[in-house]
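Notes for the one structure printed next.
The values are calculated or read from the model by the stated rules, or taken from the named source; none is laboratory data. Note that the structure is predicted; figures quoted are calculated from it, not measured. All Cβ positions, glycine included, derive from the backbone under ideal geometry; neighbour counts span all protein chains shown. To get the accessible areas, we keep the full protein, side chains included, count just its heavy atoms, and leave off ligands, DNA and RNA. Shrake-Rupley method; radii C 1.70, N 1.55, O 1.52, S 1.80 Å.
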Amino acid sequence: MTAGGTVVLPGGAILRGAGEALGLPPLPPLSPLGSAPHCGAIAGLCGGAAPLPAPCPVGFRVTSASGVPAPCEPDPTLCSADPWADQPDLPATLHVSPAAAPGGDGSRDAPLLSLADAIAVAQPGATILLAAGSHAGGLVIGKSLNLRGHCAADTRIIGLLTKPAVVIGGAASELKLQGLSVIGGVIGIQVVGSAHAELLGLHIRNAMTGGLFVESGAKVTVRQSLVEGTLPAAGGQLWGYGVMASTAAALTVKESRISANHGAGLVAADWGTAVDLEGVLIDGTRSQLGDGEGGYGVAVTSGASLVASRVALVRNRHIGLAVIGAKSRVVAADLLVAGTRGRSSDDRFGRGLDAEEGAQVELHRARFSDNREVGVHVEGAGSRLWGSDLWVDGTDGEQTQSTFGRGLVGLDGATLDLARVRLSGNRDIGLALVGEGTVALLDDLLIDGTRPELATGTGGWGASVEAGARLRIRRGRISGNRDLGLMVMLPGARVAAADLAVDGTLPQQSDGKSGRGVEAQSLASLVLAGALIADNHEIGLHVTAAQAWLAGVAAVRTLPRQFDGIGGAGIYATAGASLALDGSLVADNRAAGIAVHTSAARLFDVVIRDTGWAKQVRPSDTTGAELGDGLLATLSQTLWVERTLIVDNLRSGLLLA
């Protein structure tokens, strides 16, 4: 050993000192999303931030009422002084005023009284200008028209309880509605069939069942509009959706807000339905009044597709973004899903993202923050989540039962394929993978600061891979979690990692026990190539009734448990475990550098050094003896040691018992 800590093994292999970490690359920073090429994300995801949608669309202003996000209303200061909104008096223009005298001809000076009459007499392609005031709804438009209100603050179409306020269909291939409020109706605006419509600067509010429905192949573009306050349908008190596109409809929504509706803010349903969102805020969706279910921000089901850019789903209920069904697909960039709460019936759930039953989700620059049960949940064979620059943080557990609060979960055959991922400050488990066929491929991963579950005060694990699930990590750090940094357990579970650090695991908050770095148990398998396991508590790496293959690993500076001073082993294999360790350093641990009990171990090109005093190796020991052994083997099945250096340990270098 040189003065600088470099070790030359008997066969000529060179290992560097503990401080040099075997030549491993630098630890991933505490914000792997912060490198400049990958910025442009939202809400503080990294240094610079792409703008989230404004709380109020263009043409609207924040009201005096309180709320987060702040509620909006049409801005009356933008209304023109001219009663016809400064529009030119073209030959194909009709004027309508609810204050007009009967018998008008539709001219500027003799407007029509009835909007329905104007629609009936207008030629295709005509413009209808609406003066301020309330116009009767129950309208059916089957031709191409341009309907323009004075402004949304003072021009209203009032719907009836028995029919939609406005139905657009038939040959309305180029219909435009602009500068209006559409209030009430069993549906606010319904667009069906082959109709194409553009909705600009609309305020659609207080409809029943749905604010805007786009169906049966219709195509609609919505810009700078607000859809809010939709109420559940009479009778069963269900639905109350803000916007719904179904049955092969095409819907584009830009620079708009969908707020305080019931059941779901936006629904995309059925194969062939395509929705495109850009610069949209969907917030405050409430559960259905009839059964207390739902409150989704966005639901994509039954084969529909959604493309989203600069979208925020904030303070909705049950699920922020739900993607359900074998052909349902979402592609999103610059996405924020925050503050999802449980459904009103029992306060259960509160997931940020839920992808199930074969759903496909692609995310780039997405943050899931301050949700409840799970931040991101992917479940079922064929369900897949892939993408880059994902941050899941602050998931806090179900509100009533105070359970879970997990960051990223894959279950029962789901696939996760992600690069640049941070799971920070969640509860119970940062990353949970469970079930045969579940696979996660993660590059540049950071899991840090996981907190105990509120209900039990236990947990706080960084990652758990269980019961047939598989995890592959390339470049990762699991840091500053509670109880366990990384757990792999039960038959078929497997973790393979290259360039991984597991460090700073803290004991359980409830009793001060554990704080282990890595644990493999119950017939699971673990493969580490280039890993630093440092500054954990009780045991750095624990292999019990499992298999572990380790190469280029540094297991260093393990500390005893805080509450009783027990343990501190760098590596401990027990209960029929199989351990293979090549080209590795085990240094500055307590009680034992490597302990092997009733297990088999093979060591090749290993340095074990500087083991300090501590009580016992296993918490189950009752002897209370102070140990300080480099390699301690008790009742071992097989122990093979070759080209290994054991130096400067306090009690013994090699102890066989």
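Here are the numbers for the structure shown:
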{"item": "For the stretch 181-280, the fraction of alpha-carbon pairs in successive 10 Å shells from zero, as %", "result": "19, 53, 27, 1"}
{"item": "Partners for residue 615 among lysines (Cα-Cα distance below 24 Å; same-chain residues under 8 apart left out)", "result": "513"}
{"item": "Total charge dipole magnitude, the stretch 362-439, about the Cα centre, Cβ charges on Lys, Arg, Asp, Glu only, Debye to nearest 20", "result": "260 debye"}
{"item": "Unit charges at the beta carbon, dipole of the chain: most positive-side option, 192, 549, 630", "result": "630"}
{"item": "Charge sum, other residues only, whose C-beta stays under 13 Å from residue 522's C-beta, Lys/Arg counted +1 and Asp/Glu -1", "result": "-1"}
{"item": "Sorted peptide list for 502-511, 528-537, criterion being average Cβ within 10 angstrom, highest first", "result": "528-537, 502-511"}
{"item": "Residue (of 394, 657, 171) at the positive-pole extreme of the chain, dipole from beta-carbon charges", "result": "657"}
{"item": "Accessible area expressed per residue, the stretch 366-518, with surrounding protein chains retained (probe 1.4 Å, Å²)", "result": "27 Å²"}
{"item": "Normalised alpha carbon radius of gyration of the stretch 445-532 [divisor 2.2 N^0.38 Å]", "result": "1.03"}
{"item": "Theoretical FRET efficiency, 1/(1+(r/R0)^6), r = Cβ-Cβ of residue 327 and residue 386, R0 25 Å, to 0.05", "result": "0.95"}
{"item": "Relative intensity, log₁₀ I(q)/I(0), of the stretch 534-657 from a Debye sum that treats every alpha carbon as a point, q = 0.10, 0.12, 0.13, 0.19 Å⁻¹", "result": "-0.23, -0.34, -0.40, -0.91"}
{"item": "Accessible-area ranking of 148, 602, largest first, probe 1.4 Å", "result": "602, 148"}
{"item": "Label-to-label distance, nm, for residues given as residue 652 and residue 117 (7 Å Cα→Cβ offset)", "result": "10.8 nm"}
{"item": "Computed P(r) (all Cα pairs; the chain; 10 Å bins; percent)", "result": "4, 15, 22, 18, 13, 10, 8, 5, 3, 1, 0"}
{"item": "Share, in percent, of DSSP beta bridges within the chain that are antiparallel, nearest 5", "result": "5 percent"}
{"item": "Whole-Å semi-axes of the ellipsoid equivalent to the stretch 51-137 (Cα gyration tensor, √5λ, descending)", "result": "33, 14, 12"}
{"item": "Test item: Cα-centred dipole of the chain, Lys/Arg +1 and Asp/Glu -1 on Cβ, debye", "result": "260 debye"}
{"item": "Per residue, in Å², the accessible surface of the stretch 578-657 once ligands and nucleic acids are set aside, probe 1.4 Å", "result": "41 Å²"}
{"item": "Two-site FRET efficiency, residue 158 against residue 509, from Cβ-Cβ distance with R₀ of 56 Å, rounded to 0.05", "result": "0.45"}
{"item": "Equivalent ellipsoid semi-axes - Cα gyration tensor, the stretch 97-237, angstrom", "result": "23, 17, 13"}
{"item": "Cut-off 13 Å between beta-carbons: net charge of the residues surrounding residue 307, Lys and Arg +1, Asp and Glu -1", "result": "-1"}
{"item": "Net charge contributed by nearby residues that have their C-beta within less than 13 Å of residue 336 (K/R +1, D/E -1)", "result": "-1"}
{"item": "30 Å Cα-Cα reach of residue 254 towards lysines, excluding residues that sit fewer than 8 places from it in its own chain", "result": "143, 163, 176, 219, 327"}
{"item": "Accessible surface of the chain [probe 1.4 Å, protein heavy atoms]: carbon and sulfur percent", "result": "54 percent"}
{"item": "Probe 1.4 Å, protein heavy atoms only - accessible area per residue of the stretch 294-339 in square angstrom", "result": "25 Å²"}
{"item": "Inverse mean reciprocal Cα-Cα distance (Kirkwood Rh) of the stretch 336-448, Å", "result": "13.5 Å"}
{"item": "Neighbour-limited loop hits for trypsin sites (Lys or Arg not before Pro), the stretch 167-228 (at most 13 other Cβ within 10 Å; DSSP other than H, G, I, E, B)", "result": "none"}
